[in-house]
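Please treat every number below as a calculation from the coordinates, not as lab data. Computed from a prediction, not measured in an experiment: that's the story for all the values here. Glycine also receives a Cβ, built like all others from the backbone with ideal geometry; neighbour counts cover every protein chain displayed.
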Amino acid sequence: MTAATKAKAKPRVHFSDWEQTKVTALLVLADGTVIEGIGFGAEGEAVAEVCFNTAMTGYQEILTDPSYAGQIVTFTFPHIGNVGTNDDDIETTNLAASAAVKGCIVKAPVTEPANYRSAKHFDKWLKARGIIGLSGVDTRELTNLIREKGMPNGVIAHNAKGKFDVKKLTAMAKAWSGLEGLDLAKDVSLTQRMTWDEKLWDWKDGYTHGEGSFNVVAIDYGLKRNILRCLVSAGCKVMVVPANAKAEEILALKPDGIFLSNGPGDPAATGEYAVAEIRKLVESGKPLFGICLGHQMLALALGAKTMKMHQGHHGANHPVKDYTTNKVEIVSMNHGFAVDRASLPKGVVETHVSLFDGSNCGIALEGRPVFSVQHHPEASPGPQDSHYLFKRFVGLMEKNS
């Protein structure tokens, strides 16, 4: 990354390892740093937190994961968009919600799709979803910046004519409050109940349907479709309810188990209305399983605290140790907040830990059929090392029945 100026003013950074005729997109950070490149996808401007993702596959699943609401994703893998897009790889459950992710930053220009599953060019797909793209960026250098300084607030802007008011964009980035204190689950959650019977994708038959033996109510804080598929494939009948559903409504559905989903934003903010309901669900004695934001809010309900992370965990190559089996798994992760392991109260056991930084990745409540993990066992994208957790949940329902 070469800066045009390194003196008093913040740098205007040019990334030019491939020829460009005109700058048509910018990333402007709150500290005044300006990163230039070529725009694609939707035109416009959006303010968000800038993070990086190290996955080598699954860009469509990442960009439709509601957990990325309020964020701009920088892909460290250089070739993004080259296999096109399709309707099968969408992860958001609430198709009526506006795009969760605000933008994506890539190194190489997007080529024509070369994959038999492709139904639409990546550029057109981004336009249709209102997601702004910035290409021609040294994404590894931007990743280093995030590692050193943390996830910055920034504005991604795309204008085909190359006209930008950098002063205004910088002011926008500075003025944005950031993700701390924001409840974004309400923006991506379903507003009505929904049943789900789709199973995991199979190479021969694609997505098939079925109905299991155990009634599970899944609370949607920003739920991914592959979580629901994993539950169905493990033997569950699934009813999805909105993020603001009351414990009494959920228990009236007579579930054998309750699932707390992933989702975006600050868990403490969403917890203002969700934590009290989760406590009631724990007290009901029903088996309960949480993932990501659901894990964090379960921890809050049990008396622990959450905290903002410096750079977060986003990728499909994270090593996690399961203390209950003494095995190390490679998992998919996507979170910018974490449970403060030092705040775990008596009776709450740490079950999983990140081998990257030692942060908490799982808890269980002693004497109760209640557990959760920070990582994404459903993957999509990512390895399937942690699919056993869905079977563990079913095992708890079997014992409790």
Report summary line: His387 and Asn400 label points (each 7 Å along its Cα→Cβ direction) are spaced in nm at 2.4
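Applying 1/(1 + (r/R0)^6) with R0 = 51 Å to the Cβ-Cβ distance of Arg140 and Glu283, what FRET efficiency is obtained, to the nearest 0.05?
Details: r = 48 Å, r/R0 = 0.95.
That gives a FRET efficiency of 0.60.
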Query raised in the report: If you take the Cα atoms of segment 185-400, find Rg, then find the Kirkwood Rh from the mean of 1/r over all pairs, what is Rg/Rh?
Result: 0.93
Report summary line: Length-normalised contact order of segment 185-400, Cα under 8 Å, at least 6 apart, in percent, tallies to 18
Report task. Mark the label point 7 Å from the Cα of Leu355 along Cα→Cβ and return the residues of segment 286-319 whose backbone N is within less than 13 Å of it. Result -> 317-319
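Quick one: Asp220, Asp266, fewest Cβ neighbours within 10 Å first, how do they rank? Can you show the working numbers first?
On the way: Asp220 28, Asp266 23.
Arranged by neighbour count, lowest to highest, Asp220, Asp266 become Asp266, Asp220.
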Report task. Divide by every residue of the chain the summed helix terms, -39500 (n - 2.57) for each DSSP H run of at least 4, and state the resulting mean residue ellipticity at 222 nm, rounded to the nearest 500 deg cm²/dmol. Result -> -6500 deg cm²/dmol
Report summary line: Expressed in angstrom, Rg and Dmax over the Cα atoms of the chain are 21.1, 68
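When averaged across all projection directions, what area in nm² does the alpha-carbon convex hull of segment 2-175 cover? If you can, show how the numbers build up before the last one.
Details: hull surface 39.4 nm².
It is 9.8 nm².
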Query - Spin-label pair Trp203/Lys254, simplified geometry with 7 Å Cα→Cβ offset, distance in nm - result: 4.2
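Using 0.36 nm times the number of residues separating Leu95 and Glu272, minus their current alpha carbon distance, what extension gain do you get?
On the way: separation 177, 0.36 × 177 = 63.72 nm, distance 2.55 nm.
61.2 nm is the gain from fully extending Leu95 to Glu272.
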Report task. Give me Thr170, Thr57 ranked fewest to most by other Cβ atoms within 10 Å of their Cβ, as a rough exposure proxy. Result -> Thr57, Thr170
Report task. Could I have the simple spin-label model distance between Ala171 and Asn326, label points 7 Å from Cα toward Cβ, reported in nm to one decimal? Result -> 6.2
Query raised in the report: For segment 103-218, what's the relative contact order in percent, using C-alpha pairs closer than 8 Å and at least 6 residues apart?
Result: 18
Report summary line: The residues Trp196, Trp201, sorted from fewest to most surrounding Cβ atoms within 10 Å, come out as Trp201, Trp196
Report task. May I ask you to evaluate 6.51 cos²θ - 1.76 cosθ + 1.60, the Karplus curve with θ = phi - 60°, for each residue of segment 360-375 and list the ³J(HN,Hα) values in order in whole Hz, giving x for glycine and proline? Result -> 5, 10, x, 9, 9, 9, 4, x, 10, x, 10, 7, 7, 9, 7, 7
Requested in this report: Convert each backbone phi in segment 61-72 into a coupling constant with the Karplus relation 6.51 cos²θ - 1.76 cosθ + 1.60 (shift: θ = phi - 60°), then list the ³J(HN,Hα) values in order as whole Hz, x for Gly and Pro.
Outcome: 4, 5, 6, 10, 6, x, 4, 8, 4, x, 10, 10
Query - Anchor Lys120: lysines whose Cα lies under 30 Å away (excluding residues fewer than 8 positions away in-chain) - result: Lys22, Lys102, Lys107, Lys161, Lys163, Lys186, Lys199, Lys204, Lys224
Report task. Any chance you could give the angle, 0 to 90 degrees and rounded to 10, that helix 166-175 forms with the longest Cα principal axis of the chain? Result -> 20
